[in-house]
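Asks: A single structure is presented below for examination.
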Amino acid sequence: MPPLLTHPPCRSLSTHHNLLKRSFEALTVRQDGAATSATSVGPSSSTVGGITASDLIQKAEEHWNVSAKSILAAWALTAIGSLLIILAYSAVRLRWKLIYLPRLKVHKSSLAPGKKLEDEKDKAVFNDLKATKEKESKEEKKKSKEEKKKLEKEKEKNEPEYYPIGDNDPGRWLARAPRSEIGYFGWLKPTWREISVEIKSVMPKCLHLRKMKNKGEESSSHNAQVSLFEQDKKTLHMLGLDAVIYLIFLRTLKYLFTVISILASFLAYINYLLNTRTSYGGTSAITSNNQDQLQSSDTNKGASSSTMPNKGNANNTSVINNPQLLTAANVTSNGLLIHISFEWIVTMLVIVFVLKASAHHLKLVQEWTYKNYNEVSFKTVMITNLDIKPDRKKNIHTVADAKEYIKSHVLGIQRDNTQATVWFAIHNMNPLHEKMEDFKNKYLQWAIKAAIKDVAMETDDHPGTGVFYDSCASAMCGKSELVKNRIQKAIDKKKEIEDLQEQIRNDQIDVTSTVLRGSVTSAFVTVPTAREAREIIKNRKERLKAAEYHVQRAPRSHNVLWRNLEKDAKSRHSHAIIGKVALVIICFINTIPLIFITVLANMGTTINRWPALAKLAESSLFWKAVFTVLAGVLPATISAMFSYLLPYIMRRLSRWSGALTRGQLDKTVIRQLFVFLLVSNFIVFSLLGVIYETYLTIAEDVGKESWSTIYASLGNMPAKITRAYISESSYWLSWYPIRSIVACIQLLQIPRLLLKAPRLLLMKTPHDLAEIAQPERFEFAIEYSHVLFAMVVGLMYAPLAPLVVICASIYFWTVFIIHTNQLKYVFDSKETDGKSWKVIINRVLIATVFMQLLMVLTVTLKTKSAPMAVGAALPIGIIFLFKMYMKRHYHPDGELFSKYIDKYEYEEKVMLPNFAPEYEHELLKDDWMPKFKVAKQKKFMGRAFEKFPALKTLLEKKQLPTPIRSRRNKWGDKNKREGRERKKRKESRERREGRKREGRKRERRNSD
């Protein structure tokens, strides 16, 4: 007898062809026997080549089934590993600050950049901090443990809340790092305070727990009542909008899934009762050796029980041996009404939490806009898809003509009344970029390294020689160079860069006679205030879109991908098409590892096929436990390893495909990863796999019998199909602990240390340490993708497998606690002003719709009842109506959104236009020099400045050119007068309108 055909739901396309080939061979071998039995079976048989549909569905279930013991082992290992990681991190956090607090180390300077100690208060704060630290360092050694704790508490009170200290420039945001809490578990204190504020914010005021205070005692800042908005506002001040939005999203998910988990625990108990004590369920378990029982039970079934699982098949009421008792895998008929009700409850909870989070997001965007009202990017409109060339018909000959043409298109009829500046690159910036990178990575590094190494090697008896060797081989060969020469070379390179910058700036200003060469593909139009920029986008967006131009608020200059911006629309379109084809190929290749995941998930069957492994597993309880743990840990581990690399490949591919900004790049990566993970894990390898198995059972009947006859011949096959994909929930129960432990490993920075291990071993000077200790960028798009996929899994299985929701809530709490700490102290971010919010909220609604579709499919196949299917499908319409409401009120172009954003715009300092500054290229800024901040480097740098005075010349900044400053002063005086006149006109207009309203009121009274 040939082996049974099996097809796991996660096989590749080539495997499908092999299975078809094997099926035809099996049919050929059985041709004689099949011919004799054709009359008895008939065309409506559910058997193909002697292989029953029950066998196929049973194999599909087994391939994704993970035993309850393996799941418990995975969670136990995760709990133990997480505890050890937390203990280790708490012990080394304050000892190795360069590794575990790099962001705080970089930002912990005296004052904000560009500030001087001119304010007496700032001087006093700085001197007090310095004096207390020196005193404590001397006295701490002499004190006892109790006194040391008191000193630590006093020290914590005296420290500022965040670094760098000092105020921001008006209307400009500066990233800051909060102070680190002292104590073994001190890093958990801020998170606990935030969680307590979150819980109190949803509690009624009468239930707030307030501490009794003695008379005369002042309440500390920690005990003061802080609202949730004030807490997020403080976080916004320190971390920026991107980080706050990410934390708000995690907070929404953790509380949403916590509430669903509480209800899901009751649903799991109800499932157990339905399966063990009612006729609506069954106790059929999924095992690897019950196939013969399944075949015999299928032949003995009656017509009355055609849609209900057979309770005689592997009956087991133990949850450990049969975890499917807690799911809806065996529930049929009216028993699914409970799950439909649960679907409605989850839908309503999603709507409430999303609505609450969106309203909170609006307030934070309002605060963020107010904090950045003087930021150039907030006053600038970016227009792309341009194709402006020298044209006699349009009277475009010079750069000034092109700027006037762009200004007239963007501003429309208001171009004469609005003072605006237009900027676009008239030079190729690639040579300047190459020179800067060469200077930073080569000449500047060599100069600072040579100076610091020479000073660091000095002693009282042996002063520095002033000679530098590149490497040990150079020292052996005698290839040396004077430190002074190295510094002078770096100064010369720096001067070349600054001269090129000044030339480009001057050419950008004096454009009246500059001939336009090439084509202009994009431009930046800057107006005096941020509100005017938003009004231009709102009023002119549709008209410019009709002209095939794309208009948006300009991103910060460091977020613009300048190379892609210089390409025309056709070039970007061709790159995008090639990028999509390459993405499909990469995603197809990435599905190959899922074949190995299927084999590992079905470890029991694999061991039975290999006699050596079977003997080893039966030899002792130890090896049996090892294989059990591997079955629970390895599948999800391999999946995590391959899913770690895919986001970075997608990001590189999206950049090459023509993304214009980092915000657009993040949104593209989130969309692509979401679709890929959803399709690969649910559609291709779950539903399509089951559909393929069903097709094999009815292939002979198609075209010979009617669809009603074919459907009736399936018997209880639809119910078994639904059970197959519900049974996959056991795999996801073992997937969540792996994701949780991966999140915990981020605390110890093990991947970061492994990647930087060669540089740490070759480190020679504090300058090298400063480079290595720079905080890395937090990849929001990749982290969003991981969190979104975990959310999709939890939501899709919420009504069908309640335990998955509980595991998801544990994962979200873990990620929130760890990433809150990482964003504050470890990682830095390039601010994109919260561009990803709309994308992630849409993905939450899409995940909810997928949950509803899965419920509709389950109810339809299990009950064959149209009213119940309609009841399961109605929440889909509610989500679509809610999406329309969100688009109208919470979209950036919506009415409510505009009212919220414009609330602060009526303040005088925001309304009064000063001048329209020019949008600057990132390479033309005066702060292009890299910055390093390490405590040990300060001492050596001071000595290096004394020995090599030219080093100070190398590191000092150059002032802005005078033409820009003089022009800004001229525009400032002019626009101040215009602002006063506009204000007077506005006041007089309001007075006239007020008098008219009073007149109308009098007329109504007289008429009455």
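Asks: Give ALA523, ALA576 a once-over and let me know the one that is of a type in the set (Gly, Ala, Ser), assigned by TED's automatic domain parsing to the domain that holds LEU660 and modelled with pLDDT of 85 or more.
Replies: So the residue among ALA523, ALA576 that is of a type in the set (Gly, Ala, Ser), assigned by TED's automatic domain parsing to the domain that holds LEU660 and modelled with pLDDT of 85 or more is ALA576.
Asks: Let me ask something else about it. Given the options VAL352, VAL381, VAL331, name the one that is modelled with pLDDT of 90 or more, on the phi < 0 side of the Ramachandran plot and not in a helix (DSSP H, G or I).
Replies: VAL381
Asks: Modelled with pLDDT of 65 or more, in the same structural domain as PRO737 (by TED's automatic domain parsing) and within 30 Å of LYS570 (Cβ to Cβ) - does that describe any residue in the stretch 609-623?
Replies: No.
Asks: When you go through TYR725, TYR731 one by one, which is the residue that is at pLDDT below 75 and either hydroxyl-bearing (Ser, Thr, Tyr) or within 30 Å of LEU72 (Cβ to Cβ) (or both)?
Replies: Among TYR725, TYR731, only TYR725 is at pLDDT below 75 and either hydroxyl-bearing (Ser, Thr, Tyr) or within 30 Å of LEU72 (Cβ to Cβ) (or both).
Asks: With the condition kept exactly as written, say whether any residue in the stretch 660-668 is surrounded by fewer than 18 Cβ atoms within 10 Å (Cβ to Cβ), modelled with pLDDT of 80 or more and in contact with a His (Cβ under 9 Å, 6 or more places away or on another chain).
Replies: The answer is no; no qualifying residue exists.
Asks: Next question, about the same structure. Criterion first (at pLDDT below 85, among the small types (Gly, Ala, Ser) and touching a Lys or Arg at 6+ places or on another chain (Cβ under 7 Å)) does ALA601 satisfy it?
Replies: When the stated conditions are applied, ALA601 does not pass them.
Asks: If you go through the stretch 416-423 one residue at a time, do you hit one that is closer than 30 Å to LYS494 by Cβ and not acidic (Asp, Glu)?
Replies: Yes, the stretch 416-423 contains at least one residue that is closer than 30 Å to LYS494 by Cβ and not acidic (Asp, Glu).
Asks: Criterion first (surrounded by 18 or more Cβ atoms within 10 Å (Cβ to Cβ) and either more than 27 Å from the chain's Cα centre (by Cα) or not in a helix (DSSP H, G or I) (or both)) does GLU532 satisfy it?
Replies: Yes.
Asks: Give the residues of the stretch 165-180 that are crowded, with 16+ Cβ neighbours inside 10 Å and at pLDDT 80 or above, sorted by residue number.
Replies: TRP173, LEU174, ALA175, ARG176, ALA177, PRO178, ARG179, SER180
Asks: Is there a residue being modelled with pLDDT of 90 or more, under 30 Å from LEU174 (Cβ atoms) and crowded, with 19+ Cβ neighbours inside 10 Å anywhere in the stretch 259-278?
Replies: no
Asks: Being within 28 Å of the chain's Cα centre (by Cα), among the hydrophobic types (A, V, I, L, M, F, W, C) and at pLDDT 90 or above narrows it down to one residue among LEU104, LEU84; which is it?
Replies: LEU84
Asks: Residues LEU500, LEU516: which one is hydrophobic (A, V, I, L, M, F, W, C), surrounded by fewer than 19 Cβ atoms within 10 Å (Cβ to Cβ) and more than 30 Å from VAL365 (Cα to Cα)?
Replies: LEU500
Asks: In the stretch 399-439, how many are of a type in the set (Lys, Arg) and touching a His at 6+ places or on another chain (Cβ under 7 Å)?
Replies: Within the stretch 399-439, residues that are of a type in the set (Lys, Arg) and touching a His at 6+ places or on another chain (Cβ under 7 Å) number 0.
The values are calculated or read from the model by the stated rules, or taken from the named source; none is laboratory data. Predicted model only: the values in this text are computed from it and were never measured. Using ideal geometry, Cβ is built from the backbone for each residue, glycine included, and neighbour counts are taken over all protein chains shown.
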